[in-house]
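The structure appears below as structure tokens.
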Amino acid sequence: MIEEFLSFLVRDMSENPQRIQPISAGLVERIQSLVTNVEIDLDSRLSEEDE
């Protein structure tokens, strides 16, 4: 499923480069505020539910 989505993105960006926009500083700040104090262990296995 992820591969299909990434293929869609590549195709859409190739066909419509005028739609690509930079991420605003405000959006970056909002995203950072959402993940503040969230701890992630990149070495831990995903549960069956998450895969």
**Study point:** Helix 2-15 axis, angle to the chain major axis (alpha carbon atoms, nearest 10°)
**Key:** 30
Study note, to complete from the structure: In degrees rounded to 10, the 0-90 angle between helix 25-35 Cα long axis and the longest Cα principal axis of the chain is 20
Exercise for review: Take LEU42, LEU6 and order them by how many other Cβ atoms sit within 10 Å, fewest up front.
Suggested key: LEU42, LEU6
Review point. Out of these labelled values of Rg/Rh (Cα atoms, Kirkwood Rh), (1) 1.04; (2) 0.96; (3) 1.11, which was calculated from the coordinates shown here?
Key: (3)
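Values in this text are rule-based calculations from the coordinates and carry no lab data. If you're wondering where the values come from, they're calculated on a predicted model, not measured in any experiment. Every residue, glycine among them, receives a Cβ derived from its backbone with ideal geometry; neighbour counts consider all protein chains shown.
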